[in-house]
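Please read the structure below before turning to the comments.
The values are calculated or read from the model by the stated rules, or taken from the named source; none is laboratory data. Remember, predicted model here, so these are calculated numbers, not experimental data. Don't worry about glycine lacking a Cβ; one is built from the backbone with ideal geometry, like all the others, and counts go over all protein chains shown.
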């Protein structure tokens, strides 16, 4: 251990610990505690709900420190859904929001799969790493068919509405006027066809002819045709948004829509076109105003309500977005994007059960709606329903086998359910598609540790750490894997790197201290543990290891203090009760030692060491009858006990 000790000593000084980050966790979208190394001096640690809460808070702090306000808020929102009264979480959320405002950042989480027209972002309230990149790929790959189908349906509905308006105009006109209007309609249709073929000059030519042939005095009809032309140019601009031609078409669309409104202010379509143009330019107030007008003029058009909801959401007016999506879904219950985006809005509003219902309504309309299945999985995962989450992610993959996001999250849910073999298979599939993905390599390392495939765990953890050398969690997990594989020196280097990358990271300090204790260097262990204790004075592992370190120094008063604090965090831990009893005995307080040994036996009647030591303690208290009773009972129930000779020697002296 001399070499090991020198390695640690070289990196020991000058680090201040501010918070605890727990053991290795699987990074999914619902948040899950994964397998972790106990790394304790004597008793290990409890991976309970409080540990998961602590880990989640710490991840939020990491994202806050890196300026990733959205992900920090995602983690905190999930905790507040479970416990709205959690003051620590609320205070931290307020801090994130304050710093976000100072930085000019945005807490908006875009609603995925906009469906009818336009490109949408994905994943409301999606905890976990690398969400944006994962879900952008998923949007491009998995949502294409759903978006195309929704857009086709929207285009058909819009065209039907235009035809109805044209028929109304034709019905009131004279036969001669009808002929003139039909000619204009044909020219406008021809111009739209030219634009569909990307023939902008041809479209401009026939649109000009159409305008020249509009019958004088027919201002309503003229407004309709101008609106049709504006919408046609808008469609072209949306298909060529990154080109100069697309920008020019957008300007032409805006000009024609404005002229249509000037001719007849009761027309909804040109306001809708202007609203979409404003949305595309991220001018939310302008877009909302135009779309509000379109909805007012044509309240039964579900597309207008739907796009207004999109704009409200992008402007972070979530309550208004909810109402608009609900209106769209009511007007057309078979329009699945309305249900889907209603679900995303409800998630942001913290109404998880209602969001779940909305996503399921989307699935009832479109069974192969892969993204809706994925969102159902995320909500169920966050609610702790791992079985339901697994089923939902499996469905998502059934309809889109190439969805890496669902595949990774399936692995996270399987891991959370304790099915590490299945998780291993899922992460392996994900790595076949993206072998260098840091998150998946990290998750695979955690699963391999849980499966005791420690050499393989080292390989995956190393890959994750190499992919992102600035990530303290990855460095720490490499330490876990190395330690599990028996390579203490590599573990020490990895833990030291994790500390150097994040001075607020307590877990690697705990593990370094554990290695010191294991190899007989309690003074060095305490150097790390005292820093950890200042950050987390109620932490079970810190206090348990400090109790062990002080016991090695025979500082019994301090050892008793920290073992008692460890038991305050986990009162039913028989091993810590045994260690506390020994510390009491070392301090000479045999009465308390006797009580502590009795508590150990109450928790575990077959703890033979505790029964032997209880007999010895009773003998020290000159309670010979009790000493005989405990020692004789020990020998009767476990005649092959390794400490039999000592028990018999004590009995002979009573």
Next on the checklist: Restricting to region 524-538, name every residue that is more than 17 Å from residue 566 (Cβ to Cβ) and more than 31 Å from the chain's Cα centre (by Cα).
Outcome noted: 524, 527
Checklist entry - So residue 566 fits all but one of (1) in a helix (DSSP H, G or I); (2) more than 33 Å from the chain's Cα centre (by Cα); what number is the exception? => result (2)
Checklist entry - Out of (1) surrounded by 20 or more Cβ atoms within 10 Å (Cβ to Cβ); (2) in contact (Cβ under 8 Å) with a residue 24 or more places away in the chain, the odd one out for residue 252 is which? => result (2)
Item to check | Matching residues in region 489-513 - criterion: being surrounded by fewer than 24 Cβ atoms within 10 Å (Cβ to Cβ) and without any contact (Cβ under 8 Å) to a residue 60 or more places away in the chain | outcome: 490, 497, 501
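Does residue 486 meet the test of being outside any helix (DSSP H, G or I), without any contact (Cβ under 8 Å) to a residue 40 or more places away in the chain and farther than 23 Å from residue 57 by Cα?
yes
Any chance region 296-319 includes a residue that's more than 25 Å from residue 347 (Cα to Cα) and assigned to a helix (DSSP H, G or I)? Can you show your working first?
If we filter region 296-319 for residues that are more than 25 Å from residue 347 (Cα to Cα), which is where we start, we get 296-301.
Add one more test, that the residue is assigned to a helix (DSSP H, G or I), and what stays is 296-297.
Yes, the conditions are met somewhere in region 296-319.
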Checklist entry - So how many residues does region 534-561 have that are touching a residue at least 24 places away in the same chain (Cβ under 8 Å) and assigned to a helix (DSSP H, G or I)? => result 18
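From the list 516, 528, 476, pick out the single residue that is assigned to a helix (DSSP H, G or I), touching a strand residue (DSSP E or B) at 6+ places or on another chain (Cβ under 8 Å), in contact (Cβ under 8 Å) with a residue 60 or more places away in the chain and surrounded by 24 or more Cβ atoms within 10 Å (Cβ to Cβ).
After ruling out the rest, the residue left standing is 476.
Determine if region 337-347 includes at least one residue that is surrounded by fewer than 18 Cβ atoms within 10 Å (Cβ to Cβ) and out of contact with any strand residue (DSSP E or B) (no Cβ under 7 Å at 6 or more places or on another chain). Outline the logic, then answer.
Going through region 337-347, the residues surrounded by fewer than 18 Cβ atoms within 10 Å (Cβ to Cβ) turn out to be none.
Checked against the condition, which is being surrounded by fewer than 18 Cβ atoms within 10 Å (Cβ to Cβ) and out of contact with any strand residue (DSSP E or B) (no Cβ under 7 Å at 6 or more places or on another chain), region 337-347 yields no hits at all.
Within region 572-587, work out how many residues are touching a residue at least 60 places away in the same chain (Cβ under 8 Å) and not in a helix (DSSP H, G or I).
Narrowing region 572-587 to residues touching a residue at least 60 places away in the same chain (Cβ under 8 Å): 573, 575-576, 579.
Remaining after also requiring not in a helix (DSSP H, G or I): 573.
Total meeting the criteria: 1.
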Checklist entry - When region 384-417 is examined, which residues are found to be buried (at least 21 other Cβ atoms within 10 Å of the Cβ) and not in a helix (DSSP H, G or I)? => result 400, 403
Next on the checklist: I'd like to know if region 273-280 contains one or more residues that are closer than 22 Å to residue 227 by Cβ, at pLDDT below 95 and surrounded by fewer than 24 Cβ atoms within 10 Å (Cβ to Cβ).
Outcome noted: yes
Checklist entry - Which of the residues belonging to region 418-428 are in a helix (DSSP H, G or I) and more than 17 Å from residue 392 (Cβ to Cβ)? => result 420, 421, 424, 425, 427, 428
Next on the checklist: If I ask for residues that are touching a residue at least 12 places away in the same chain (Cβ under 8 Å) and closer than 19 Å to residue 578 by Cα, which ones from region 617-632 would you list?
Outcome noted: 617, 618, 619, 620, 621, 627, 630, 631
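Anything in region 446-457 that is in contact (Cβ under 8 Å) with a residue 40 or more places away in the chain and either out of contact with any strand residue (DSSP E or B) (no Cβ under 9 Å at 6 or more places or on another chain) or within 19 Å of residue 402 (Cβ to Cβ) (or both)? List them, or say none. Talk me through it step by step, then tell me what you get.
First, the residues of region 446-457 that are in contact (Cβ under 8 Å) with a residue 40 or more places away in the chain: 446-447, 449-450.
Once the filter is applied, which keeps residues that are in contact (Cβ under 8 Å) with a residue 40 or more places away in the chain and either out of contact with any strand residue (DSSP E or B) (no Cβ under 9 Å at 6 or more places or on another chain) or within 19 Å of residue 402 (Cβ to Cβ) (or both), region 446-457 yields 449, 450.
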Checklist entry - What is the number of the single condition among (1) touching a residue at least 12 places away in the same chain (Cβ under 8 Å); (2) closer than 20 Å to residue 451 by Cβ; (3) over 20 Å from the mean Cα position of the chain (by Cα) that residue 390 does not meet? => result (3)
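Per-residue answers, yes or no, for (1) assigned to a helix (DSSP H, G or I); (2) within 27 Å of residue 310 (Cα to Cα); (3) touching a helix residue (DSSP H, G or I) at 6+ places or on another chain (Cβ under 9 Å):
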site: 334; (1), (2), (3): no, yes, yes
site: 343; (1), (2), (3): yes, yes, yes
site: 367; (1), (2), (3): no, yes, yes
site: 431; (1), (2), (3): yes, no, yes
site: 435; (1), (2), (3): no, no, yes
